[in-house]
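*Asks:* First the structure, then my questions, so here it is.
No lab work stands behind these numbers, since they all come straight from the coordinates. Because the structure is a prediction, the values reported are computed rather than measured. All Cβ positions, glycine included, derive from the backbone under ideal geometry; neighbour counts span all protein chains shown.
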Amino acid sequence: MFLSFETFQANLANVTEQIAAACQAAGRASESVSLLPVTKNHPLEAARYAFDAGIQSVGENRVQEALGKIDAASFEIRWELIGPLQSNKAKRAASSFSRIQTVDRIKILNALQRFCEEAESRLSILLQVNAGNDPQKAGVSIEDAPRLLETALACSRLQVDGLMTIAPLSEDSNVARQCFAALRECRDSLESSFGVSLPELSMGMSSDLDLAIKEGSTMVRVGTALYGKREYV
Ligand SMILES: *Cc1c(COP(=O)(O)O)cnc(C)c1O
């Protein structure tokens, strides 16, 4: 059985408290970090719970699964894509998600820009950076990030809000911490070399959100700590 709304609320209170404590320890305002509930592999109710709790956006990992939920939802919430995007799905993705966090190559930028031109729309994106240099993870390398940003800034229909990363899986918490620090440094260097503002740093999940907040995260993407194990869908 999927968890009850009451259990979700209790989990949400715990996560919110954890975020506030991490912010306080880092000398940051708790409003400087937002929480993106990750509803992938959970029924549509997971997003409904977030909506009922007053949360404005949720994250989904797979385009196909997300589109089914977006079409079925009878409530208004923003959906962010946090999983891989193929260019053949760019059109549906650009029209259904309010932001795509996983743009990691020029081909996808071009596909999104083309679609938004046709639709006369605009789209917010994050560039996904493989800041932990993990062969298992998607994302542009830190070295290639400037070239990707340069192209993104030339896409008139796309708004680059910042960067996103997923830390490598490791027993050693230094690995995640170094990855998060590397993303922040990459952001700082891109901001100064391009003279743009890239405020959003989407990094940190259930198991490493404290570290991410210490290193400057502005958005933590949390699934398990809110909804439990993903075993329902
Ligand atoms: C699944 C997922 C999350 C959430 O992970 P939890 O460990 O369940 O909090 C965050 N980010 C991305 C990109 C994911 O795919």
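*Asks:* Shape verdict for the stretch 110-233, please, from the Cα gyration tensor: rounded (a/c under 1.5), prolate (a/b greater than b/c) or oblate. Before the final figure, lay out each step's value.
*Replies:* Numbers: a/c = 2.10, a/b = 1.40, b/c = 1.49.
Oblate shape, in that a/c is at least 1.5 and b/c is the bigger or equal ratio.
*Asks:* Quick check for me: using +1 on Lys/Arg Cβ and -1 on Asp/Glu Cβ, what's the dipole size of the stretch 5-227 about its Cα centre, in debye to the nearest 20?
*Replies:* Values: 22 positive and 28 negative charges, 116 e Å.
Using only the charged Cβ atoms, the result is roughly 560 debye.
*Asks:* Can you return the lysines within cross-link range of LYS89? Criterion is Cα-Cα under 24 Å, with same-chain partners fewer than 8 residues away left out.
*Replies:* Here the lysines satisfying the reach criterion relative to LYS89 are LYS40, LYS69, LYS107, LYS137.
*Asks:* What's the center-to-center distance, using Cα atoms, between the stretch 13-28 and the stretch 174-220 in Å?
*Replies:* The stretch 13-28 and the stretch 174-220 have Cα centres spaced 16 Å from each other.
*Asks:* How far apart, in nm, are two points set 7 Å out from the Cα along the Cα-to-Cβ line at THR16 and at SER207?
*Replies:* In this crude label model, THR16 to SER207 measures out at 2.7 nm.
*Asks:* Using a 10 Å Cβ count of at most 14 others and DSSP loop calls, identify the longest part of the chain lacking such GluC sites (Glu not before Pro).
*Replies:* The segment 1-75 is the longest one with no such site.
*Asks:* Given springs between every Cα pair under 10 Å in a Gaussian network model of the chain, which of GLN136, GLN128, GLN24 has the largest fluctuation?
*Replies:* With Cα springs under 10 Å in the chain, the top fluctuation among GLN136, GLN128, GLN24 is at GLN136.
*Asks:* Just to verify a number: FRET efficiency for ALA138 and GLU76, C-beta to C-beta distance, R0 = 41 Å, to 0.05?
*Replies:* On the way: r = 29 Å, r/R0 = 0.72.
With a Förster radius of 41 Å, E is 0.90.
*Asks:* Residue by residue through the stretch 40-45, which ³J(HN,Hα) values in whole Hz follow from phi under the Karplus form 6.51 cos²θ - 1.76 cosθ + 1.60 (θ = phi - 60°), with glycine and proline marked x?
*Replies:* Listing the rounded values in order: 4, 6, 10, x, 3, 3 Hz.
*Asks:* While we're on this one: When N is the residue count of the chain, what does its C-alpha Rg come to as a fraction of 2.2 N^0.38 Å?
*Replies:* Normalised by 2.2 N^0.38 Å, the Cα Rg of the chain equals 0.98.
*Asks:* Here's something else I'd like to know. List every residue whose amide H lies under 5 Å from the amide H of THR102, counting only residues 5 or more places away in sequence or on a different chain, with H placed 1.01 Å from N in the peptide plane.
*Replies:* LEU126
*Asks:* Does anything in the stretch 150-164 have its amide N under 20 Å from the 7 Å Cα→Cβ label point of SER197, and if so which residues?
*Replies:* 150, 152-164
*Asks:* Using the Karplus curve 6.51 cos²θ - 1.76 cosθ + 1.60 with θ = phi - 60°, work out ³J(HN,Hα) for each residue of the stretch 144-153 in order, rounded to whole Hz, and write x for Gly and Pro.
*Replies:* So the Karplus estimates, Gly and Pro as x, are 8, 4, x, 5, 5, 5, 4, 5, 4, 5 Hz.
*Asks:* A further question follows. Per DSSP helix of 4 or more residues, -39500 (n - 2.57); summed, then divided by the residues of the chain. What does that give at 222 nm, rounded to the nearest 500? Mind dumping the intermediate values first?
*Replies:* On the way: 9 runs with 101 residues, N = 233.
About -13000 deg cm²/dmol.
*Asks:* For the residue pair GLU31 and LEU153, what label-to-label distance in nm results when each label sits 7 Å from Cα along the Cα-to-beta-carbon direction?
*Replies:* About 3.0 nm, to one decimal.
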